[in-house]
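Please treat every number below as a calculation from the coordinates, not as lab data. Just so you know, these numbers come straight off a predicted model, no measurement behind them. Here the Cβ positions follow ideal geometry from the backbone for every residue, glycine too, while neighbour counts run over all protein chains shown.
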Amino acid sequence: MPLYYTEDQAMLADTVTGFMADAGGIKQQLRHFRDMDCKDGFGHALWKQFAEMGLTGMLAEEADGGLAMGHVEAGIVLKEIGRNLTPSPFLTTSVMGITALSGGSDDLRGRWLPGVIAGDSVLAIAIDESPKHRPERIAARAEKAGNGFRLSGSKAFVVQGASADAIIVAARTSGSDSDDDGITLFAVPKDASGISHENLRLVDSAMASNITFDNVELDGDCVIGDVDGGRALLNKVLNAGRIGAAAELTGVGQGAFDITTAYLKTRKQFGKLIGEFQALQHRAAHLYSELEIATAAVIKAQQLLDGGSEKAELMVSVAKAKAARTCNLAVREGVQMHGGVGMTDEYDIGLYMKRDRSLSEFMGDQYYHAERVARLNGY
Amino acid sequence: MSDLDGFRQEIRDWLEANCPAEMREPARDEADICWGGRNFKFKNPAQKAWLEACVAKGYTVPDWPEAYGGAGMSPAQAKIWREECARIGARPPLSSFGIWMLGPALLKFGTEEQKVHYLGEIARGEIRWCQGYSEPGSGSDLVSLQTFGEDRGDHWVVNGQKIWTSYADKADWIFCLVRTDKANTYQGISFLLFDMATPGVTTKPIKLISGNSPFCETFFDDVKVPKHQIVGQLNRGWDVAKYLLGHEREMISGAGGGDRMNAIGAVVARNGLDDPILRAELAMFDVDALAYAAMGEKFLDEAKVGKAHPAQPNMMKYVGTELNKRRHELLMAAGGSTALEWDSERTNGGTPARSWLRTKANSIEGGTSEVMLNVVAKRILELPGA
Ligand SMILES: Cc1cc2nc3c(=O)[nH]c(=O)nc-3n(C[C@H](O)[C@H](O)[C@H](O)COP(=O)(O)OP(=O)(O)OC[C@H]3O[C@@H](n4cnc5c(N)ncnc54)[C@H](O)[C@@H]3O)c2cc1C
């Protein structure tokens, strides 16, 4: 398969680019909800518009009311979300959440998917338990209790966790903390008793919750897929989240790059446009190169994932690491090349820097993924 | 799709039957590469057999038209050919400036007669070409070149000096930039082809830091070049030269495939890797190399359907060569004192050290990294005054 968009994908990209720039722009969305101190960190009206555009259920099967598209298509949406810094539950709900639920029973999908696809509900993903992404270790426990389970433990950095209608939780149903086996995924309804949130605002104005589960009673229907055999599904969810975050990062990087090169073409010093200085030209050209490479790595990984290739795992980590390194370079260079105004809240470039930091951390940073590349390559 | 699957099987079977085992290992050094040409000495019978088998099928230049010695493969078929060769580790049967540089320029600018004649010779490995661009005073600022061709009716008489002419002492013919109008800078250069055996051509090898002498000073002293040996129009050689540079840069970038894009951590680890910081650097390198490989693949896919930015090879040359230099720095660090050996047998005559030194030229030859960044700033980013 050639590494560029098919005609259908190019059409989708056109539509989504226009939609996100209009409806998801920085002023209407990010700044608006930040300045009103919104406890969700995103706007429900826009989420409803995502649904009307058919974006919420892109990855769901047609039988479930979705569009049965793949990671390339989801990545198209995420890239535009990144470019516009649009706060939205798309990555956690429509990409990771739907990937998780797709491994669940008819009943479970019937319970949650219609609301998600209609843009009425939101899902959150609770995997990590420490400030760094370490999904190999899962200590939160769900003990068998009657027909169901009793869940106890804590989860960190659950994006939009306090706003979610259901929280997808990876918990241990057997074995010890670092075992591969013994993991089970649950779809935990938000009103289950024993859940407490520490709802925090992050550097990029997104909301994330540190959640404590204290003997939360779950009936057996909350289980997604197999009891104790959830690691494979968890990996699928992780891959979806990682490549999704990588796609979004390329959008953030591209957005930062575009406003920076535009600035180089308008700001004058020493009687010249600053873009005439070779020192800045070379740095901009270097950044361009890195962005092209990150973009290619991302689409390669998306295609491999969509094709079910065994090489997908490695390439997803390559893509996440590369996208994170590159986007980080883009925002750092962006602020520097703006000079003093780059440090002001009035200019958008600083917002890109904040988003980059947050997204880099999400589902494993460049160091985690480089380490993973080493291990997957056998060293 | 099934057509292509059939094609893949056909290539697989053919490779199985025709690619000798010795040719399924990476070339260890310069002497392992088959350059072809009048004076080429095959290193072993396998190298000769592999070349001949490929020539017979047009596989030395799989995507050139059959009329010019190629196999007429479509872009999708050529991709399969590359993938299948890579799968068994088959070496390129023939490497040459004719294939990488002159060929594409002739396909675009050559007359039908020139194509049939010169491309056929290149495809069959009969003539080895060298590149006469750089001069002592004209490196990055190539357009300032002074070698002059005086019009004598049916021929030019060329005088001047080139430098850094790779393999000038081994090449049969040269493609050469010659000033044919002193009053015009860009539009005063012609692209000429001539035999290195023409009276008045002399070469003097230059020794490199790697200890090898792959390139020369090349002198032209009243060299007669018949008028029909011009490619493109008189005084419009710069267009041909630039087009050729695009292909040269794409080739040097390594983005078309080959070991420049491979991860190296696993290879290093086979000999033991007990330094966690080095391991981390290798992992970061592997991330960059594998991502770069995806970009190379994407570029080739896009180029075939006209979606790639024409200046993209400049970007790839910059990144690919900087990456290759980093690769060899890491390989040297991993090799420790063994990699320092200059002529020992176990290093095959100092291959690690010599290769490492050779890579330093990657970001100079074919246009320096700084010049590549200038071109990206100007042609792709359209920055002011670039
Ligand atoms: C191994 C090898 C093989 C070669 N083979 C051939 C060959 O076969 N045929 C051939 O014709 N030539 C060949 N060359 C020559 C090569 O193309 C030139 O060396 C190259 O173009 C640079 O020119 P220069 O050496 O004169 O360096 P210079 O142009 O003098 O550059 C010196 C330094 O100044 C920098 N610089 C120059 N201009 C600028 C600018 N505008 N902005 C910023 N920095 C600048 C350069 O980047 C470099 O760092 C080969 C070179 C090497 C090393």
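Relative to the first principal axis of the alpha-carbon coordinates of chain A, what is the inclination of helix A:71-84, with its axis defined by its Cα atoms, in degrees from 0 to 90 and to the nearest 10?
50
Just report the Cα centroid separation between region B:32-73 and region A:270-295, whole Å.
Cα centres, region B:32-73 to region A:270-295: 42 Å.
Using each residue's phi in region B:34-51, evaluate 6.51 cos²θ - 1.76 cosθ + 1.60 at θ = phi - 60° and report the 3J(HN,Hα) Karplus result to the nearest Hz, with x for Gly and Pro.
For region B:34-51, the Karplus curve yields 8, 9, x, x, 4, 9, 5, 10, 5, 6, 7, x, 5, 4, 5, 4, 5, 4 Hz.
Within 10 Å of each Cβ in peptide B:278-284, how many partner chain Cβ atoms are there on average? Round it to a whole number, please.
Numbers: counts 0, 4, 4, 1, 5, 13, 9.
Going residue by residue through B:278-284 and averaging, the value is 5.
Rounded to the nearest Å, what's the spacing between the alpha carbon centres of region A:7-45 and region A:318-340? Just the number, please.
Centre-to-centre (Cα) distance: 22 Å.
For the protein assembly as shown, give the share of DSSP beta bridges that are antiparallel, in percent and rounded to the nearest 5; count only bridges with both residues there. Don't skip to the answer; put the middle values down first.
On the way: 60 of 72 bridges.
Around 85 percent of the beta bridges assigned by DSSP in the protein assembly as shown are antiparallel ones.
Would you grab the residues whose amide H sits under 5 Å from the one on A:Leu200? Only those 5+ places off in sequence or on another chain, please, with H modelled 1.01 Å from N.
The list, which skips near neighbours in sequence, is A:Ala208, A:Ser209, A:Asn210.
Please give the average number of partner chain Cβ atoms lying within 10 Å of the Cβ of each residue in B:297-308, rounded to a whole number.
Mean inter-chain Cβ contacts per residue within 10 Å come to 3.
Rounded if a/c is under 1.5, else prolate if a/b is larger than b/c, else oblate: which is region B:52-115, with a ≥ b ≥ c the root eigenvalues of its Cα gyration tensor? Mind dumping the intermediate values first?
Values: a/c = 1.94, a/b = 1.77, b/c = 1.09.
Prolate is the answer for region B:52-115, as a/c is 1.5 or above and a/b outweighs b/c.
Run the quick spin-label model on A:Glu136 and B:Ser337: label points 7 Å from Cα toward the beta carbon, then report their separation in nm to one decimal.
Taking the two extended label points, one gets 3.5 nm.
Work out the mean other chain Cβ neighbour count within 10 Å for the residues of A:362-373 and drop it here as an integer. Display every interim value, and only then the final one.
Numbers: counts 0, 0, 0, 0, 3, 3, 0, 2, 11, 4, 2, 9.
Across A:362-373, the average partner-chain Cβ count within 10 Å equals 3.
Using modelled amide H (1.01 Å from N, peptide plane; none on Pro or chain starts), what sits under 5 Å from the amide H of B:Val61, excluding residues fewer than 5 places away?
When sequence neighbours closer than 5 places are left aside, the close amide H contacts are B:Ala71.
Could the peptides B:311-318, A:367-374, B:180-187, B:324-331 be put in order, highest first, of the mean number of other beta-carbon atoms found within 10 Å of their residues?
Working: B:311-318: 25.8, A:367-374: 22.5, B:180-187: 13.0, B:324-331: 19.2.
The most tightly packed comes first, giving B:311-318, A:367-374, B:324-331, B:180-187.
If one computes the Cα centroid of region A:346-379 and of region B:204-250, what distance in Å separates the two points?
Distance between centres, Cα-based: 46 Å.
Return the FRET efficiency for the residue pair B:Thr351, B:Ala86: r is the Cβ-Cβ distance, R0 is 25 Å, and the value is rounded to the nearest 0.05. Please report the intermediate quantities before stating the final value.
Numbers: r = 22 Å, r/R0 = 0.87.
After rounding to 0.05, the efficiency reads 0.70.
Of the peptides A:312-319, A:274-281, how do they stack up when ordered by the mean number of other Cβ atoms within 10 Å, highest first?
Working: A:312-319: 26.6, A:274-281: 18.8.
Most protected by this proxy first, the peptides run A:312-319, A:274-281.
Does region B:133-203 classify as rounded, prolate or oblate by the C-alpha gyration tensor (a ≥ b ≥ c root eigenvalues; a/c under 1.5 gives rounded; else a/b over b/c gives prolate, otherwise oblate)?
Numbers: a/c = 2.16, a/b = 1.16, b/c = 1.87.
Since a/c reaches 1.5 but b/c is at least a/b, the shape of region B:133-203 is classed as oblate.
Evaluate the distance, in nm, between pseudo-label points positioned 7 Å from the Cα of A:Asp14 and of A:Asp226 along their respective Cα→Cβ axes.
Going by the 7 Å Cα→Cβ label model, 4.6 nm.
Per the helix-only calculation at 222 nm, which mean residue ellipticity applies to chain A, given -39500 (n - 2.57) for every DSSP H run of n ≥ 4 and division by its residues, nearest 500 deg cm²/dmol?
On the way: 11 runs with 174 residues, N = 379.
When only DSSP H runs of four or more count, the value is -15000 deg cm²/dmol.
Can you tell me the convex hull volume per residue for the protein assembly as shown, based on C-alpha atoms, in Å³ to the nearest whole number?
Values: hull volume 132.3 nm³, N = 765.
Measuring per residue, one finds 173 Å³ for the Cα hull of the protein assembly as shown.
Taking the convex hull of the Cα atoms, report for region A:125-228 its projected area averaged over all directions, in nm².
Values: hull surface 24.3 nm².
Result: 6.1 nm².
With a 10 Å Cβ neighbour count serving as the proxy for reagent exposure, in which order, fewest first, do A:Ile127, B:Ile252 appear? Present the calculation step by step, with values, prior to reporting the outcome.
Numbers: A:Ile127 25, B:Ile252 22.
Exposure proxy ranking, most exposed first: B:Ile252, A:Ile127.
Would you kindly derive the ³J(HN,Hα) couplings of region A:103-115 from the backbone phi angles with the Karplus curve 6.51 cos²θ - 1.76 cosθ + 1.60 (θ = phi - 60°), listing them in order in whole Hz, with x for Gly and Pro?
Values per residue, Gly and Pro as x: x, x, 6, 4, 4, 5, 5, x, 6, 9, 5, x, x Hz.
Using only C-alpha positions, report the orientation-averaged shadow area of the convex hull of region B:287-381, nm², one decimal. Write down the numbers at each step before the final one.
Working: hull surface 29.2 nm².
The orientation-averaged projected area of the Cα hull of region B:287-381 comes to 7.3 nm².
With a 10 Å Cβ neighbour count serving as the proxy for reagent exposure, in which order, fewest first, do A:Met343, A:Met96, B:Met261 appear?
Working: A:Met343 11, A:Met96 28, B:Met261 23.
Sorted ascending by nearby Cβ count, the order is A:Met343, B:Met261, A:Met96.
I need the phi-derived Karplus couplings for region B:283-296: 6.51 cos²θ - 1.76 cosθ + 1.60, θ = phi - 60°, integer Hz, Gly and Pro marked x.
5, 5, 4, 4, 4, 5, 5, 5, 5, 5, 4, 5, 5, x
Using Cβ counts within 10 Å as a stand-in for footprinting exposure, how do B:Arg354, B:Arg128, B:Arg28 rank, fewest first? Intermediate values should be presented prior to the final figure.
On the way: B:Arg354 21, B:Arg128 24, B:Arg28 12.
If I rank by nearby Cβ atoms, fewest first, I get B:Arg28, B:Arg354, B:Arg128.
Could you give log10 I(q)/I(0) at q = 0.06, 0.10 Å⁻¹ for chain A, computed by the Debye formula over C-alpha point scatterers of equal weight, without solvent?
For chain A, the Cα-only Debye profile gives -0.22, -0.61.
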